[in-house]
Amino acid sequence: MKGLLVSLLLTSLCQAVQVYLHPAPDVPSRLSLTQAGVVLSRHLNLDRFEDAAAYPGEQELIVGEGPKTGLLLTLSKEHAKDIIPPSLKSTFHLKSRPSPDSLASLIPSYIDRAHHVYSHVYEAQDHAYEKFKRMLDAFSVPAEGSEDAIQQLYSLMTFVDGENLPIDRFGAFDLTHLEDLRHTFGKDSEQYRTAVQTVKVILDRLMERQDVNLALVTVPSHGSKHHRRQQPPQSPLPPPLPRPAEPIDSISTCYSSVDVCGNATNACSGHGQCLEATKAGKTCFVCACSITTDEKGRKEQWAGSACERKDVSGPFVLLAGTTVTLLLLVGGSIALLTAVGDQKLPSTLTGGVASNAH
(Lines give C-alpha, C1' and ligand atoms only; values in the text may rest on other atoms or scores of the structure.)
Protein backbone atom coordinates (compact mmCIF):
# COMPACT_ATOMS: atom_id res chain seq x y z
CA MET A 1 0.00 0.00 0.00
CA LYS A 2 2.83 2.36 0.90
CA GLY A 3 4.58 1.56 -2.38
CA LEU A 4 1.40 2.35 -4.29
CA LEU A 5 1.10 5.73 -2.57
CA VAL A 6 4.71 6.58 -3.44
CA SER A 7 4.11 5.55 -7.05
CA LEU A 8 0.99 7.71 -7.27
CA LEU A 9 2.86 10.62 -5.71
CA LEU A 10 5.71 10.37 -8.23
CA THR A 11 3.22 10.13 -11.08
CA SER A 12 1.40 13.24 -9.91
CA LEU A 13 4.69 15.12 -9.59
CA CYS A 14 5.69 14.19 -13.15
CA GLN A 15 2.30 15.18 -14.51
CA ALA A 16 2.56 18.45 -12.58
CA VAL A 17 4.65 19.71 -15.50
CA GLN A 18 2.14 19.91 -18.32
CA VAL A 19 2.90 21.65 -21.61
CA TYR A 20 0.21 23.32 -23.69
CA LEU A 21 1.19 24.25 -27.26
CA HIS A 22 -0.76 26.21 -29.86
CA PRO A 23 -0.86 25.33 -32.68
CA ALA A 24 -0.56 21.81 -31.26
CA PRO A 25 2.01 19.52 -32.95
CA ASP A 26 1.43 15.80 -33.43
CA VAL A 27 3.58 14.34 -30.62
CA PRO A 28 3.06 11.64 -27.96
CA SER A 29 1.26 12.68 -24.77
CA ARG A 30 4.19 11.59 -22.55
CA LEU A 31 7.74 12.72 -23.31
CA SER A 32 11.15 12.44 -21.72
CA LEU A 33 12.94 15.58 -20.59
CA THR A 34 15.11 15.56 -23.72
CA GLN A 35 12.15 15.06 -26.05
CA ALA A 36 10.18 17.77 -24.26
CA GLY A 37 13.04 20.23 -24.69
CA VAL A 38 13.26 19.49 -28.41
CA VAL A 39 9.50 19.82 -28.95
CA LEU A 40 9.28 23.06 -26.95
CA SER A 41 12.30 24.55 -28.73
CA ARG A 42 10.99 23.63 -32.15
CA HIS A 43 7.58 25.11 -31.38
CA LEU A 44 9.21 28.41 -30.40
CA ASN A 45 11.48 28.42 -33.48
CA LEU A 46 14.53 27.81 -31.29
CA ASP A 47 15.27 24.28 -32.46
CA ARG A 48 18.67 25.19 -33.89
CA PHE A 49 19.98 24.52 -30.39
CA GLU A 50 18.64 20.96 -30.26
CA ASP A 51 19.37 17.62 -31.88
CA ALA A 52 16.71 17.22 -34.57
CA ALA A 53 16.96 13.42 -34.32
CA ALA A 54 15.48 13.56 -30.80
CA TYR A 55 12.19 15.04 -32.06
CA PRO A 56 9.49 12.45 -31.23
CA GLY A 57 6.97 13.50 -33.87
CA GLU A 58 6.94 13.40 -37.64
CA GLN A 59 9.54 15.67 -39.22
CA GLU A 60 7.73 18.19 -41.39
CA LEU A 61 9.36 20.39 -44.00
CA ILE A 62 7.98 23.92 -43.76
CA VAL A 63 8.60 26.09 -46.81
CA GLY A 64 7.56 29.70 -47.20
CA GLU A 65 6.16 30.16 -43.69
CA GLY A 66 6.18 33.80 -42.65
CA PRO A 67 7.57 35.20 -39.40
CA LYS A 68 5.73 34.42 -36.20
CA THR A 69 5.63 35.63 -32.62
CA GLY A 70 7.04 33.31 -29.95
CA LEU A 71 5.37 33.40 -26.54
CA LEU A 72 6.39 31.32 -23.50
CA LEU A 73 4.32 31.36 -20.30
CA THR A 74 4.84 29.57 -16.99
CA LEU A 75 1.96 29.00 -14.61
CA SER A 76 1.54 27.21 -11.28
CA LYS A 77 -0.24 23.89 -11.74
CA GLU A 78 -2.41 24.54 -8.69
CA HIS A 79 -3.95 27.56 -10.42
CA ALA A 80 -3.96 26.29 -14.01
CA LYS A 81 -7.56 25.05 -13.84
CA ASP A 82 -8.67 28.57 -12.90
CA ILE A 83 -6.87 30.19 -15.81
CA ILE A 84 -6.42 27.88 -18.83
CA PRO A 85 -9.50 28.03 -21.10
CA PRO A 86 -11.12 24.80 -22.34
CA SER A 87 -10.03 25.61 -25.90
CA LEU A 88 -6.35 25.17 -24.93
CA LYS A 89 -5.66 21.46 -24.51
CA SER A 90 -2.62 19.83 -22.89
CA THR A 91 -0.15 18.67 -25.55
CA PHE A 92 2.07 16.47 -23.35
CA HIS A 93 3.41 15.92 -19.85
CA LEU A 94 6.81 14.71 -18.66
CA LYS A 95 7.69 11.10 -17.93
CA SER A 96 10.09 12.14 -15.18
CA ARG A 97 10.21 15.04 -12.81
CA PRO A 98 12.63 17.84 -13.79
CA SER A 99 14.94 19.29 -11.18
CA PRO A 100 14.07 22.62 -9.52
CA ASP A 101 17.11 24.16 -11.24
CA SER A 102 15.78 23.09 -14.65
CA LEU A 103 12.43 24.72 -13.94
CA ALA A 104 14.13 27.81 -12.56
CA SER A 105 16.25 28.23 -15.69
CA LEU A 106 13.44 27.64 -18.20
CA ILE A 107 12.60 31.27 -18.94
CA PRO A 108 16.20 32.62 -18.70
CA SER A 109 17.46 29.89 -21.06
CA TYR A 110 14.86 30.59 -23.72
CA ILE A 111 15.40 34.33 -23.43
CA ASP A 112 19.12 33.75 -24.05
CA ARG A 113 18.32 31.67 -27.11
CA ALA A 114 15.71 34.10 -28.43
CA HIS A 115 18.29 36.89 -28.63
CA HIS A 116 20.00 34.87 -31.38
CA VAL A 117 16.85 34.20 -33.39
CA TYR A 118 14.21 36.92 -32.98
CA SER A 119 14.63 40.54 -34.00
CA HIS A 120 12.98 41.72 -30.75
CA VAL A 121 12.91 40.26 -27.26
CA TYR A 122 10.30 42.08 -25.23
CA GLU A 123 10.84 44.22 -22.15
CA ALA A 124 8.44 46.57 -20.40
CA GLN A 125 9.53 50.11 -21.15
CA ASP A 126 10.29 52.63 -18.42
CA HIS A 127 7.87 55.15 -19.92
CA ALA A 128 5.04 52.68 -19.40
CA TYR A 129 5.49 52.69 -15.63
CA GLU A 130 2.76 55.27 -15.05
CA LYS A 131 0.27 53.15 -17.01
CA PHE A 132 1.34 50.21 -14.91
CA LYS A 133 0.74 52.17 -11.70
CA ARG A 134 -2.74 53.09 -12.93
CA MET A 135 -3.39 49.39 -13.51
CA LEU A 136 -2.43 48.71 -9.90
CA ASP A 137 -5.00 51.27 -8.83
CA ALA A 138 -7.61 49.64 -11.08
CA PHE A 139 -6.95 46.29 -9.40
CA SER A 140 -7.00 47.94 -5.97
CA VAL A 141 -3.75 46.13 -5.29
CA PRO A 142 -1.09 47.45 -2.92
CA ALA A 143 2.27 47.57 -4.67
CA GLU A 144 4.12 45.68 -1.93
CA GLY A 145 3.92 41.92 -2.40
CA SER A 146 1.70 42.01 -5.48
CA GLU A 147 3.51 44.34 -7.85
CA ASP A 148 5.29 41.49 -9.65
CA ALA A 149 1.98 39.80 -10.47
CA ILE A 150 0.44 42.89 -12.03
CA GLN A 151 3.73 43.83 -13.72
CA GLN A 152 3.83 40.47 -15.52
CA LEU A 153 0.15 40.74 -16.44
CA TYR A 154 0.54 44.26 -17.81
CA SER A 155 3.66 43.26 -19.77
CA LEU A 156 1.84 40.27 -21.26
CA MET A 157 -1.06 42.48 -22.36
CA THR A 158 1.33 44.96 -23.97
CA PHE A 159 3.26 42.20 -25.73
CA VAL A 160 0.16 40.47 -27.13
CA ASP A 161 -1.30 43.79 -28.29
CA GLY A 162 1.93 44.27 -30.25
CA GLU A 163 1.59 48.00 -30.85
CA ASN A 164 4.78 49.28 -32.53
CA LEU A 165 6.29 45.80 -32.22
CA PRO A 166 7.27 43.50 -35.12
CA ILE A 167 5.64 40.13 -35.67
CA ASP A 168 9.07 38.52 -35.32
CA ARG A 169 9.27 38.99 -31.55
CA PHE A 170 9.66 36.83 -28.46
CA GLY A 171 8.36 37.21 -24.94
CA ALA A 172 8.48 35.03 -21.82
CA PHE A 173 6.31 35.79 -18.81
CA ASP A 174 6.14 34.18 -15.38
CA LEU A 175 2.46 33.94 -14.45
CA THR A 176 3.29 32.01 -11.29
CA HIS A 177 3.32 35.49 -9.75
CA LEU A 178 -0.48 35.31 -9.80
CA GLU A 179 -0.11 33.12 -6.72
CA ASP A 180 0.68 36.30 -4.83
CA LEU A 181 -2.77 37.69 -5.59
CA ARG A 182 -4.49 34.49 -4.55
CA HIS A 183 -2.50 34.17 -1.34
CA THR A 184 -2.91 37.84 -0.46
CA PHE A 185 -6.58 38.36 -1.26
CA GLY A 186 -8.02 34.84 -1.54
CA LYS A 187 -9.31 32.72 -4.42
CA ASP A 188 -12.72 34.39 -4.40
CA SER A 189 -11.38 37.94 -4.19
CA GLU A 190 -12.19 40.45 -6.89
CA GLN A 191 -8.49 41.09 -7.48
CA TYR A 192 -7.64 37.46 -8.17
CA ARG A 193 -10.77 36.80 -10.24
CA THR A 194 -10.09 39.90 -12.35
CA ALA A 195 -6.52 38.79 -13.04
CA VAL A 196 -7.66 35.26 -13.91
CA GLN A 197 -10.33 36.54 -16.29
CA THR A 198 -7.80 38.85 -17.95
CA VAL A 199 -5.42 35.97 -18.66
CA LYS A 200 -8.32 33.83 -19.92
CA VAL A 201 -9.32 36.52 -22.39
CA ILE A 202 -5.72 36.85 -23.59
CA LEU A 203 -5.40 33.09 -24.09
CA ASP A 204 -8.74 32.91 -25.92
CA ARG A 205 -7.57 35.65 -28.28
CA LEU A 206 -4.29 33.86 -28.90
CA MET A 207 -6.12 30.66 -29.82
CA GLU A 208 -7.70 32.51 -32.75
CA ARG A 209 -4.39 33.78 -34.10
CA GLN A 210 -2.15 31.95 -36.55
CA ASP A 211 0.84 34.29 -36.23
CA VAL A 212 1.64 33.34 -32.62
CA ASN A 213 3.32 30.15 -31.41
CA LEU A 214 2.16 29.83 -27.81
CA ALA A 215 3.80 27.58 -25.22
CA LEU A 216 2.36 27.39 -21.70
CA VAL A 217 4.17 25.29 -19.09
CA THR A 218 2.60 24.45 -15.73
CA VAL A 219 5.09 23.99 -12.89
CA PRO A 220 4.74 22.82 -9.27
CA SER A 221 3.87 25.64 -6.92
CA HIS A 222 6.76 24.93 -4.54
CA GLY A 223 9.26 25.66 -7.32
CA SER A 224 7.73 28.90 -8.48
CA LYS A 225 9.34 31.21 -5.93
CA HIS A 226 12.79 29.90 -6.81
CA HIS A 227 11.82 30.11 -10.46
CA ARG A 228 10.80 33.74 -10.32
CA ARG A 229 14.04 34.89 -8.67
CA GLN A 230 15.97 33.63 -11.67
CA GLN A 231 14.11 35.61 -14.33
CA PRO A 232 16.31 38.34 -15.84
CA PRO A 233 15.06 41.53 -17.48
CA GLN A 234 14.12 41.25 -21.12
CA SER A 235 15.36 43.64 -23.74
CA PRO A 236 13.37 45.04 -26.67
CA LEU A 237 16.46 44.75 -28.88
CA PRO A 238 18.99 41.93 -28.79
CA PRO A 239 22.24 42.90 -27.02
CA PRO A 240 25.65 42.22 -28.55
CA LEU A 241 26.06 38.48 -28.97
CA PRO A 242 27.91 36.98 -26.01
CA ARG A 243 30.72 34.53 -26.47
CA PRO A 244 30.53 31.98 -27.90
CA ALA A 245 29.21 33.39 -31.16
CA GLU A 246 27.26 30.20 -31.76
CA PRO A 247 24.00 30.01 -29.76
CA ILE A 248 24.36 28.35 -26.39
CA ASP A 249 22.98 24.84 -26.28
CA SER A 250 20.67 23.32 -23.69
CA ILE A 251 21.33 23.37 -19.95
CA SER A 252 22.43 19.74 -19.92
CA THR A 253 25.37 20.54 -22.25
CA CYS A 254 26.73 23.48 -20.28
CA TYR A 255 29.87 22.22 -18.50
CA SER A 256 31.56 23.40 -15.32
CA SER A 257 35.09 23.78 -16.75
CA VAL A 258 37.07 23.75 -19.99
CA ASP A 259 38.50 20.31 -19.21
CA VAL A 260 35.09 18.80 -18.48
CA CYS A 261 33.71 20.31 -21.67
CA GLY A 262 36.64 19.03 -23.74
CA ASN A 263 36.48 15.52 -22.32
CA ALA A 264 32.70 15.22 -22.61
CA THR A 265 32.58 16.46 -26.21
CA ASN A 266 35.86 14.96 -27.45
CA ALA A 267 37.28 18.46 -27.89
CA CYS A 268 34.07 19.56 -29.63
CA SER A 269 34.58 16.73 -32.13
CA GLY A 270 37.55 18.63 -33.52
CA HIS A 271 35.21 21.20 -35.07
CA GLY A 272 35.31 23.95 -32.46
CA GLN A 273 36.49 24.86 -28.99
CA CYS A 274 35.09 25.15 -25.47
CA LEU A 275 34.45 28.76 -24.51
CA GLU A 276 33.10 30.44 -21.41
CA ALA A 277 29.46 31.51 -21.48
CA THR A 278 26.88 32.80 -19.04
CA LYS A 279 23.51 31.11 -18.77
CA ALA A 280 20.78 31.43 -16.15
CA GLY A 281 23.12 33.60 -14.07
CA LYS A 282 25.83 30.92 -13.98
CA THR A 283 29.18 30.73 -15.76
CA CYS A 284 29.86 27.52 -17.64
CA PHE A 285 31.55 26.24 -20.79
CA VAL A 286 30.01 25.17 -24.10
CA CYS A 287 31.21 24.22 -27.56
CA ALA A 288 31.49 27.08 -30.03
CA CYS A 289 31.45 25.45 -33.45
CA SER A 290 33.80 26.77 -36.14
CA ILE A 291 33.86 26.67 -39.94
CA THR A 292 36.26 24.16 -41.48
CA THR A 293 37.44 23.48 -45.03
CA ASP A 294 37.31 20.07 -46.69
CA GLU A 295 39.89 18.57 -49.08
CA LYS A 296 38.29 20.31 -52.05
CA GLY A 297 38.42 23.71 -50.39
CA ARG A 298 34.69 23.86 -49.60
CA LYS A 299 33.61 25.43 -46.33
CA GLU A 300 31.74 23.26 -43.83
CA GLN A 301 29.67 24.55 -40.93
CA TRP A 302 29.09 22.44 -37.83
CA ALA A 303 26.26 22.29 -35.29
CA GLY A 304 25.14 20.33 -32.25
CA SER A 305 26.08 20.46 -28.59
CA ALA A 306 29.44 18.80 -29.43
CA CYS A 307 29.77 20.20 -32.99
CA GLU A 308 29.23 16.61 -34.10
CA ARG A 309 27.09 17.16 -37.20
CA LYS A 310 27.22 19.32 -40.29
CA ASP A 311 24.93 22.33 -40.40
CA VAL A 312 23.11 21.97 -43.70
CA SER A 313 20.52 24.67 -43.05
CA GLY A 314 22.41 27.24 -45.15
CA PRO A 315 22.87 25.06 -48.26
CA PHE A 316 19.30 23.80 -47.92
CA VAL A 317 17.89 27.33 -47.90
CA LEU A 318 20.02 28.18 -50.95
CA LEU A 319 18.93 25.02 -52.78
CA ALA A 320 15.28 25.55 -51.88
CA GLY A 321 15.42 29.18 -53.00
CA THR A 322 17.10 28.25 -56.29
CA THR A 323 14.53 25.51 -56.94
CA VAL A 324 11.60 27.82 -56.29
CA THR A 325 13.12 30.48 -58.55
CA LEU A 326 13.63 27.98 -61.39
CA LEU A 327 10.06 26.74 -61.04
CA LEU A 328 8.76 30.29 -61.24
CA LEU A 329 10.89 31.00 -64.32
CA VAL A 330 9.74 27.82 -66.07
CA GLY A 331 6.12 28.50 -65.21
CA GLY A 332 6.38 32.08 -66.41
CA SER A 333 8.03 31.02 -69.66
CA ILE A 334 5.31 28.45 -70.39
CA ALA A 335 2.59 30.99 -69.68
CA LEU A 336 4.28 33.52 -71.98
CA LEU A 337 4.67 31.03 -74.84
CA THR A 338 1.04 29.97 -74.46
CA ALA A 339 -0.14 33.55 -74.63
CA VAL A 340 2.02 34.31 -77.69
CA GLY A 341 0.82 31.16 -79.45
CA ASP A 342 -2.80 32.36 -79.32
CA GLN A 343 -2.00 35.65 -81.09
CA LYS A 344 -1.90 36.16 -84.87
CA LEU A 345 1.44 36.96 -86.46
CA PRO A 346 2.02 40.58 -87.55
CA SER A 347 1.16 41.36 -91.19
CA THR A 348 4.79 41.98 -92.07
CA LEU A 349 5.65 38.43 -91.05
CA THR A 350 2.64 36.82 -92.79
CA GLY A 351 3.39 38.81 -95.93
CA GLY A 352 6.93 37.55 -95.94
CA VAL A 353 5.75 33.98 -95.63
CA ALA A 354 3.21 34.39 -98.47
CA SER A 355 5.80 35.89 -100.86
CA ASN A 356 8.17 33.03 -100.22
CA ALA A 357 5.39 30.59 -101.15
CA HIS A 358 5.31 32.03 -104.68
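The values are calculated or read from the model by the stated rules, or taken from the named source; none is laboratory data. In this text the structure is predicted, and so the values were computed from the model without any measurement. Cβ placement follows ideal geometry from the backbone for every residue including glycine, while neighbour counts extend to all protein chains displayed.
Return a yes/no flag: does region 112-131 have any residue that is closer than 23 Å to Val17 by Cα, modelled with pLDDT under 90 and touching a Ser or Thr at 6+ places or on another chain (Cβ under 8 Å).
yes
For region 189-216, enumerate the residues that are among the small types (Gly, Ala, Ser) and part of a loop (DSSP other than H, G, I, E, B). Break it down stepwise before answering.
Going through region 189-216, the residues among the small types (Gly, Ala, Ser) turn out to be 189, 195, 215.
Scanning region 189-216 gives a single hit, Ser189.
Specify the residue that is surrounded by the most Cβ atoms within 10 Å (Cβ to Cβ); the eligible residues are those in region 189-213 that are free of Cβ contacts under 8 Å to residues at least 60 places away in the same chain and of a type in the set (Val, Ile, Thr).
Ile202
Could you tell me whether Ala80 is under 30 Å from Gly186 (Cβ atoms), more than 17 Å from the chain's Cα centre (by Cα) and at pLDDT 70 or above?
Spelling it out, Ala80 is indeed under 30 Å from Gly186 (Cβ atoms), more than 17 Å from the chain's Cα centre (by Cα) and at pLDDT 70 or above.
Against the definition (modelled with pLDDT of 80 or more, on the phi > 0 side of the Ramachandran plot and either surrounded by 13 or more Cβ atoms within 10 Å (Cβ to Cβ) or not β-branched (Val, Ile, Thr) (or both)), how does Ala267 come out, yes or no? Lay out the reasoning, then the answer.
Values: modelled with pLDDT of 80 or more: yes; on the phi > 0 side of the Ramachandran plot: yes; either surrounded by 13 or more Cβ atoms within 10 Å (Cβ to Cβ) or not β-branched (Val, Ile, Thr) (or both): yes.
So Ala267 fits the description; yes.
Which residue pairs have Cβ atoms under 9 Å apart, sit 6 or more places apart or on different chains, and have a first residue in region 264-277 that is without any contact (Cβ under 8 Å) to a residue 24 or more places away in the chain and a second that is surrounded by 16 or more Cβ atoms within 10 Å (Cβ to Cβ) and of a type in the set (Val, Ile, Thr)?
Taking only residues 6 or more apart or on different chains, the pairs are Cys274/Thr265; Cys274/Val286.
Give the residue, chosen from Leu72, Leu88, Leu33, Leu94, that is buried (at least 22 other Cβ atoms within 10 Å of the Cβ) and modelled with pLDDT of 85 or more. Break it down into steps so the answer makes sense when it comes.
Numbers: Leu88 fails: buried (at least 22 other Cβ atoms within 10 Å of the Cβ); Leu33 fails: buried (at least 22 other Cβ atoms within 10 Å of the Cβ); Leu94 fails: buried (at least 22 other Cβ atoms within 10 Å of the Cβ).
The match here is Leu72.
So which residues in region 167-188 are assigned to a helix (DSSP H, G or I) and surrounded by fewer than 17 Cβ atoms within 10 Å (Cβ to Cβ)?
His183, Thr184
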